[in-house]
Amino acid sequence: MPLNLTQKIIAAHLYTPAVRLPLPGEEIQLRIDQTLTQDATGTMAYLEFEAMGAARVKTELSVAYIDHNTLQTGFENADDHRFIQSVAKKRGLIFSRPGNGICHQVHLERFGIPGKTLIGSDSHTPTGGGLGMLAMGAGGLDVAVAMGGGAYCIPMPKVTQIHLTGALQPWVSAKDVILEVLRRLSVKGGVGRVMEYTGPGVATLSVPERATITNMGAELGATTSIFPSDDITRAFLKAQEREKDWTAQAADAGATYDDTLEIDLSALVPLAALPHMPDNVKPVAEIAGLPVDQVCIGSCTNSSLQDMLKVAAILRGKKVHPRVSLTISPGSMQVFGMLAEGGALADIIAAGARVLECACGPCIGMGQSPSSGAVSLRTFNRNFEGRSGTADAGVYLVSPEVAVAAALTGVITDPRTLGDAPHITLPDAFRLGDNLLEFPATPEEADAVEVLYGPNIKPFPASSALPESLTGVAVLKAGDNITTDHIMPAGAKILPYRSNIPFLSQFCFRQLDEDFAAHCESARALGGTFIVGGTNYGQGSSREHAALVPLYLGVKAVVAKSFARIHKANLINAGILPLTFAQESDYDKIQQGDQLALTSVRAALTDDTALTLTNTRTGEAYPVVTDYTPRQTAILLAGGLLPYTNLDARV
């Protein structure tokens with residue numbers, strides 16, 4: 001039977017070969033070739049890896065990147081970096097030092113291989129799909145298990161074909177392609193799916209352009225996104241002196257898909273995602289003229305050499321509008337060095353831009369918070385309320401072309417009004433400077449390497465086996481599209497404490513309820529805490545802190561209309577029950593503060609029988625869905641993935 005590209009890579013990486021291709025929704029166990037972590041999630045992932053007792057990573061390649069917590073206002077971030085560096089050296093990982101660049105950009109340049117599987121403790125790991133990888137975001141504990149040689153378990157996804165025809169018009173870019181997909185499908189449109197790009201339009205897109213599309217596919221809720229690996233991919237890898245890593249990767253002739261979305265690239269126009277969701281998309285022409293206060297160009301979505309060269313060409317000989325603060329974050333030291341060597345960096349500086357470190361920076365809320373009530377145009381992938389660090393700022397997601405146009409004019413501007421678009425040609429050879437990469441000790445040398453812990457690094461929060469009954473207070477009732485930023489915010493004030501769950505707990509859900517942590521403490525006396533949520537609960541980042549902090553605060557279960565994939569997996573890994581309303585209307589019957597109870601929980605999960613949630617205030621009982629795989633059930637019964645995992649038997 002002809003297979004699409006997603007199915008081919010999955011079939012080649014099943015932990016146990018199957019006689020048939022798994023059906024959508026069936027749990028699959030994947031062999032993982034590569035892993036990546038970043039420091040905001042990596043410290044916890046390596047604490048988990050150390051807790052498992054593994055001596056050495058068993059993947060083909062694992063890389064630990066430092067790109068999030070690079071603002072060192074105290075010892076905390078530096079201590080985390082030192083801890084990760086020492087673990088990498090001892091356990092067999094490559095270590096990417098601070099300043100080397102954003103994990104997804106560097107991995108695309110130096111390590112990604114078509115046809116391989118990659119999971120990373122960052123939701124934008126699907127960037128690797130631009131090379132033809134099956135690259136997925138995951139929780140840190142899942143990454144730790146994969147590094148130890150264990151399988152990565154997910155439901156078999158459906159595959160949506162996004163068939164591209166035509167070619168992008170001047171001033172229209174890859175960012176507009178993914179914004180158009182978001183406009184049509186919404187932030188929930190990719191849940192349980194892989195978005196596979198096909199068609200003659202694929203050949204008109206460079207690898208950096210493809211990577212922009214697969215990167216921001218995470219905002220669809222998709223498992224991942226993927227492009228074929230073709231001659232364009234080969235040329236990109238050759239320019240990186242990695243042609244030996246290239247293989248052709250494409251769907252079989254006659255392959256079928258679960259559904260298809262047709263996009264004519266030539267019909268697209270410059271687009272923008274308006275506050276405060278990536279799918280709130282409108283043509284730039286419809287919002288033109290709105291005054292702009294800040295423009296930030298960079299992030300793992302749009303920080304490639306191709307993006308930066310376009311920015312420099314548009315800025316050349318011009319000045320940034322006096323009202324606008326323009327920041328530029330090159331995606332990697334490779335990009336930064338080539339901008340300097342080719343003279344483009346001088347054009348950027350002369351125009352009045354502020355050049356920042358090769359790191360995530362403003363995208364993760366690490367500096368550059370806009371002024372009160374500001375309009376900020378960003379080439380990033382998320383514009384959730386408050387994510388910028390300024391609660392009342394309006395953040396718009398746009399392409400580099402739209403961003404530069406606004407920086408020059410001071411208002412949102414359709415770049416097609418600026419005249420001829422610059423023509424950018426990527427070099428045949430990239431500058432190879434891997435001097436900020438550190439390679440691990442040999443197995444013989446590893447015994448002498450000490451893992452270095454700082455005083456801010458606290459142990460992984462303890463969990464216990466699932467009891468027969470759970471009671472607790474509904475301390476929070478949240479609406480639809482609750483993000484991991486709502487649950488566990490990012491930003492320069494909080495990120496340094498990613499390895500300190502007790503300290504982080506005081507910030508949990510602070511955007512929705514400043515006293516959430518205190519309410520959880522009060523609820524402990526009544527048995528624990530329940531959270532009630534709407535649809536797409538937990539969308540956004542892969543950060544497992546959004547599950548670990550609630551675990552620490554005594555959250556026993558989250559009952560929602562639906563869950564985002566990675567967050568649901570993280571809740572299970574933490575030993576917290578994710579429950580779905582069998583009837584969505586029951587959501588309306590629960591009030592914040594209600595006392596809730598689940599009885600015969602272990603028996604229901606063990607025997608796969610019905611489970612009901614009782615509201616003691618009203619006496620009502622609400623049927624809830626426990627759609628867990630046998631493995632997930634075993635994890636929950638054990639109290640989480642860490643107690644479930646036995647390295648000798650399972651990893």
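Every number here is computed from the coordinates shown, using simple stated rules; none is lab data. Everything numeric here is computed off the predicted structure, so don't read it as measured data. Here Cβ is always computed from backbone atoms with ideal geometry, including for glycine, and neighbour counts include all displayed protein chains.
Here are some notes:
- FRET efficiency for Met1 and Glu584, using Cβ-Cβ distance with R0 set to 45 Å, rounded to 0.05: 0.75
- Across segment 293-303, computed HN-Hα scalar couplings (Karplus, 6.51 cos²θ - 1.76 cosθ + 1.60, θ = phi - 60°) run 9, 9, 9, 10, 10, x, 6, 5, 7, 9, 10 Hz from first to last residue, x flagging Gly and Pro.
- Here the residues Tyr396, Tyr65, Tyr497, ranked from fewest to most Cβ neighbours within 10 Å of their Cβ, fall in the order Tyr497, Tyr396, Tyr65.
- Legend: calculated FRET efficiency, Arg184 to Glu521, from the Cβ-Cβ distance at R0 = 35 Å, rounded to 0.05, equals 0.20.
- Amide H partners (placed H, <5 Å) of Phe563, local residues excluded: Asn536, Tyr537
- Our estimate of slack between Ser469 and Gln591, defined as 0.36 nm per intervening residue step minus the Cα-Cα distance, is 41.8 nm.
- Label-point separation in nm, Thr260 to Ala55, each point 7 Å along Cα→Cβ: 5.4
- Stretching the chain fully between Asp434 and Ala446 yields a gain of 2.1 nm (0.36 nm per residue, less the alpha carbon separation).
- The trypsin sites (Lys or Arg not before Pro) of segment 304-412 meeting both criteria, a DSSP state outside H, G, I, E and B (loop) and at most 16 other C-beta atoms within 10 angstrom of the site's C-beta, are Arg316, Lys318, Lys319, Arg323.
- Low-density loop positions, trypsin sites (Lys or Arg not before Pro), segment 6-41 - DSSP coil, at most 11 other Cβ in 10 Å: Arg20
- Extension gain for Thr425-Asp608 works out to 60.1 nm (0.36 nm per residue, less the C-alpha to C-alpha distance).
- Anisotropy class of segment 31-108 from Cα gyration tensor, a/c 1.5 cut: oblate
- Shape analysis of segment 361-437 places it in the oblate category; the axes a ≥ b ≥ c from the Cα gyration tensor give an a/c of at least 1.5, with a/b not above b/c.
- Label-to-label distance, nm, for residues given as Ile349 and Glu286 (7 Å Cα→Cβ offset): 4.2
- Label of the coordinate-derived value, Kirkwood radius over Cα pairs in Å, listed as (1) 27.1; (2) 24.9; (3) 35.0: (2)
- Model label points for Leu23 and Thr417, set 7 angstrom from Cα along the Cα-to-Cβ axis, are 5.5 nm apart.
- Mean Cα-pair separation over length for segment 308-440, i.e. relative contact order, pairs under 8 Å, 6 or more apart, %: 27
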